[in-house]
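Only one structure is covered here, and it is reproduced in the block below.
The values are calculated or read from the model by the stated rules, or taken from the named source; none is laboratory data. All values derive from a computational prediction rather than experimental measurement. Every residue, glycine among them, receives a Cβ derived from its backbone with ideal geometry; neighbour counts consider all protein chains shown.
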Amino acid sequence: MLKIVNPANHDVLAELPEDGSYAVRKKYERARAAQPAWAATPIRKRLEHIKSFRDEIVNMHDTLARTLTQEVGKPIKQSRNELKGLLTRIDFFLGEAAAALREEKVFADATQHLEERISHEPLGVIANISAWNYPYFVGSNVFVPALIAGNAVLYKPSEFATLTGKHIADMLHRAGIPDDVFVSVIGGAVTGSALLRQPVDGVFFTGSYATGAKIGAVAGRKMIKVQLELGGKDPVYVCDDVDVKTAAAGLADGAFYNTGQSCCSVERIYVHEKIHDEFVAEFVAEVNGFKLGDPLDEQTYIGAITRRPQLEVLRKQVTDARKKGAMVLTGGGSVERKGNWFEPTVLTQVNHRMAVMREESFGPIIGIQRVVDDVEAVHLMNDTEYGLTAGVYTANEKRARRVLAQVKSGSVYWNCCDRVSPRLPWSGVGHSGIGLTLSTYGIQTFTRPKAWHLRSA
Ligand code: NAD
């Protein structure tokens, strides 16, 4: 049985049966049988179902936000923000999908009686293995365009966001998506591996590098399409020409929103030496203003740590940094209350020998390092296995573009951070993953382009 525990107080919210190998096999067979009819349904109809799914989200809003907060410990305001953002993403897909999936004529020559066309065929049955930190975002980036494109989806929510996963399945089914076209698979790692043993046509994964590497190896042997949206160690460089207070406020939010449990949370800050001390003072003042507490409280900004083992990762990073000479300016340890809690923590005098500047923290910790110039900043920003997002704060656009052009990263930000847009591709470099979601590319990615060579005589 899968025990769903509230990370903020350790209350048991539910106990659910996990899908074993046999149940997963049966679910796969149902999806395989149902997919051709779904693919043959006119796209207009498929879009109507997704529109009804959107209506369900609006109607269920308060229940969904509460469940998410109780299940993952996310502050309630931030749960509502996630649902608001979800509607925007669905609107993007509803608006763009038909054009992105339309068959294209790319060449025609009457003298040769020749036409060349590209059609976008659904992959078939795909596995969507998801993370817990933004379950609505990372799930919908996959299953919404995948369904619109005519695929059947075997959706495994994270074991830490299963109740949200069940809400998603119920809403999609009420919206008219056939039960066998969107099928949820319940469980953790063992269930996930059972899902990958099925002859699926693609696997779309969001989660850690460690799990992503295993999934990539399985998909490689099967020769199926694989997308891996993995972790990050996202850097930001603050130049000497910024409004320090504004930059500090923006970056404190970028580092601590969602209690630092975002793939694109700011995880490292490099500050030009001319403004370093002033920036640090403003940053710490900002962080000290964050209210930690009951995630259901409207005023709460710092919620619980969703996975208990992460507390140990955070403690170790702080101990390691301290041992190597870092200073803890605020926070630094667990909080004495029932549940999984860690204080928002700011470290200075850090360097790249410390785990906190090299390994994903995925919690409310930030290291701030002094740099002498743009060259040193770029060098340090690139000194990582990851490459999800990177940013620069400066008043000078040319300087920003020069720095960002040299950074190896899927997304780059000028005077902003921790931001995702449905209109732009979301992808990573290195250990941050393979493939992409969002944008029109993130619709076509759920299809196989078929090349048509047509000669009429
Ligand atoms: P995780 O890797 O522990 O688990 C992710 C999913 O994989 C879960 O559903 C889990 O049950 C499943 N799983 C675990 N082992 C498996 C196996 N052997 N075979 C098949 N499935 C298996 O990650 P998590 O803790 O859920 O998520 C946190 C990580 O996700 C962080 O590293 C974060 O940066 C990353 N993330 C990335 C993005 C992105 O868009 N790049 C978005 C959100 C989260």
Any residue in the range 298-319 that is within 11 Å of residue 363 (Cα to Cα) sitting within a Cβ distance under 7 Å of a residue that is acidic (Asp, Glu) and part of a loop (DSSP other than H, G, I, E, B)? List the pairs, counting only those 6 or more apart or interchain.
none
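Residue-by-condition table, conditions (1) touching a residue at least 60 places away in the same chain (Cβ under 8 Å); (2) closer than 14 Å to residue 50 by Cα; (3) buried (at least 24 other Cβ atoms within 10 Å of the Cβ); (4) more than 18 Å from the chain's Cα centre (by Cα):
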{"residue": "134", "(1), (2), (3), (4)": "yes, no, yes, no"}
{"residue": "142", "(1), (2), (3), (4)": "yes, yes, yes, no"}
{"residue": "159", "(1), (2), (3), (4)": "yes, no, no, no"}
{"residue": "170", "(1), (2), (3), (4)": "no, yes, no, yes"}
Selection over the range 435-450 where residues are β-branched (Val, Ile, Thr), outside any loop (DSSP other than H, G, I, E, B) and either away from the ligand (no atom under 16 Å from the Cβ) or under 13 Å from residue 124 (Cα atoms) (or both) yields a count of 2
The listed residue being acidic (Asp, Glu), under 30 Å from residue 205 (Cβ atoms) and surrounded by 16 or more Cβ atoms within 10 Å (Cβ to Cβ), out of 267, 286, 312, 282
267
Conditions: (1) in contact with a strand residue (DSSP E or B) (Cβ under 6 Å, 6 or more places away or on another chain); (2) within 16 Å of the ligand (Cβ to nearest atom); (3) not acidic (Asp, Glu). Residue 308 meets all but one. Number of the miss?
(1)
Step by step: first the residues of the range 108-137, then only those that are over 30 Å from residue 187 (Cβ atoms) and β-branched (Val, Ile, Thr), then the one that is farthest from the ligand (Cβ to nearest atom). Which residue is that?
111
Members of the range 61-105 that are over 30 Å from residue 307 (Cα atoms) and either within 18 Å of the chain's Cα centre (by Cα) or crowded, with 18+ Cβ neighbours inside 10 Å (or both):
92, 93, 96, 97, 100, 101
Those residues of the range 1-22 which are in contact (Cβ under 8 Å) with a residue 12 or more places away in the chain, under 28 Å from residue 147 (Cα atoms), not in a strand (DSSP E or B) and not polar (S, T, N, Q) amount to 17, 18, 19, 20
Which residue out of 241, 277, 297, 234 is under 30 Å from residue 139 (Cα atoms), away from the ligand (no atom under 14 Å from the Cβ) and among the charged types (D, E, K, R)?
297
List every residue pair whose Cβ atoms lie under 6 Å apart, where the two residues are 6 or more positions apart in sequence or sit on different chains, the first residue falls within the range 26-53 and is under 14 Å from residue 93 (Cα atoms), and the second residue, located anywhere, is at pLDDT below 95 and surrounded by 13 or more Cβ atoms within 10 Å (Cβ to Cβ).
none
The condition of being farther than 28 Å from residue 40 by Cβ, over 18 Å from the mean Cα position of the chain (by Cα) and not hydroxyl-bearing (Ser, Thr, Tyr) holds, among 189, 175, only for 189
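Rundown of residues vs (1) touching a Phe, Trp or Tyr at 6+ places or on another chain (Cβ under 8 Å); (2) in a helix (DSSP H, G or I); (3) closer than 23 Å to residue 245 by Cα; (4) of a type in the set (A, V, I, L, M, F, W, C), yes/no style:
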position: 297; (1), (2), (3), (4): no, no, no, no
position: 321; (1), (2), (3), (4): no, yes, no, yes
position: 359; (1), (2), (3), (4): no, no, no, no
position: 362; (1), (2), (3), (4): no, no, no, yes
position: 380; (1), (2), (3), (4): yes, yes, no, yes
position: 402; (1), (2), (3), (4): no, yes, no, no
So residue 385, is it of a type in the set (Asp, Glu), away from the ligand (no atom under 16 Å from the Cβ) and either surrounded by fewer than 24 Cβ atoms within 10 Å (Cβ to Cβ) or at positive phi (or both)
no
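Residues checked against (1) polar (S, T, N, Q); (2) more than 9 Å from the ligand (Cβ to nearest atom); (3) buried (at least 21 other Cβ atoms within 10 Å of the Cβ):
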position	(1), (2), (3)
145	no, yes, yes
175	no, yes, no
197	no, yes, no
208	yes, no, no
214	no, no, no
218	no, no, no
